[in-house]
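Please treat every number below as a calculation from the coordinates, not as lab data. Just so it is clear, the structure is predicted and the values come from calculations on it, not from any experiment.
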Amino acid sequence: MAYELHYWPSIQGRGEFVRLALEDAGVDYVDVARLPSDQGGGEANLASWLSYATPPPFAPPVLKAHDKIIAQTAVILAWLGRHHDLAPVEEEGRMWVDQLQLTIADLVAEVHDTHHPISAGQYYEDQKAPALARAQAFRQERMPKYLRYFERILAGNGAGGGGLAGAAITYADLSLFQVVRGLQYAFPNAMAAMAPDIGAVLTLADQVERRGRVAAYLKSPRRIPFNEEGIFRHYPELDE
Ligand SMILES: N[C@@H](CCC(=O)N[C@@H](CS)C(=O)NCC(=O)O)C(=O)O
């Protein structure tokens, strides 16, 4: 039985971290909200499904896998990692990958807050002045701190061509790829300036992008392009 991903149909958003893991694992899944509305797709059907799903999810993405309903991106990925060979088998390694993913989740929340520093419920245009200040602090302090942290881990693992948790690629590596491409889309100037400091991070992103199923997915219509509705938005004034 195919898994069901329940997520907003027109953005990558946090759902993309789950899509990448499902695609890389070669798992059969339905991106339900992207179906036509008479087959259960669309935002209205998603909202309705979320309102009666049990246990009740706070927000998408949600994965339905057999009889399980799993919310929270990091928990979904931990489950997929365990069941589809995208995480170490032993407990210590699994916990390390969980930690990496939660750090990525923190980074993703900070990226979101560069364009919505006051409220997710207000338009960007209505919070532009604080967004400019927030984005400047993000570009100058937070983004370098996060990316140098991942660089330090990868450099410490040596030049073996592996990922954050050693030789085998895990879901945290797929997520770091997504973050790198998202940051390059949203903040091309700041990311170009940082490139000399984060060579191993950029190499890992390229390596993930070349993985067979990931590469096929990225070329397919299933990959929604970055846009200004998602988490990684390109507003040139936030990258000056
Ligand atoms: N911590 C949750 C956050 C989920 C989340 O914020 N989902 C967004 C879309 S990316 C949403 O629809 N939020 C609705 C809301 O917060 O009211 C996760 O990582 O899955």
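Here are the numbers:
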| item | result |
| --- | --- |
| The range 179-239 - Rg over Rh from alpha carbon coordinates, Kirkwood radius | 1.00 |
| Whole-Å semi-axes of the range 90-199's equivalent ellipsoid (Cα gyration tensor) | 29, 16, 10 |
| Equivalent ellipsoid dimensions for the chain as semi-axes, Å, which come from the Cα gyration tensor, largest first | 27, 25, 15 |
| Span-like helix ranges in the chain, DSSP H, alpha carbon extent 30 angstrom or more, Kyte mean at least -0.5 | 91-115 |
| Convex hull volume of the range 52-150 per residue (C-alpha atoms, cubic angstrom) | 114 |
| The range 132-188 and the range 90-119: distance between their alpha carbon centers, rounded to Å | 11 |
| Other-chain or far-sequence residues with amide H under 5 Å of GLY40's (modelled H) | none |
| Hits among lysines - C-alpha to C-alpha of LYS64 under 27 Å, sequence gap 8 or more where chains match | LYS219 |
| In Å, descending, principal axis extents of the Cα set of the range 1-101 | 44, 26, 25 |
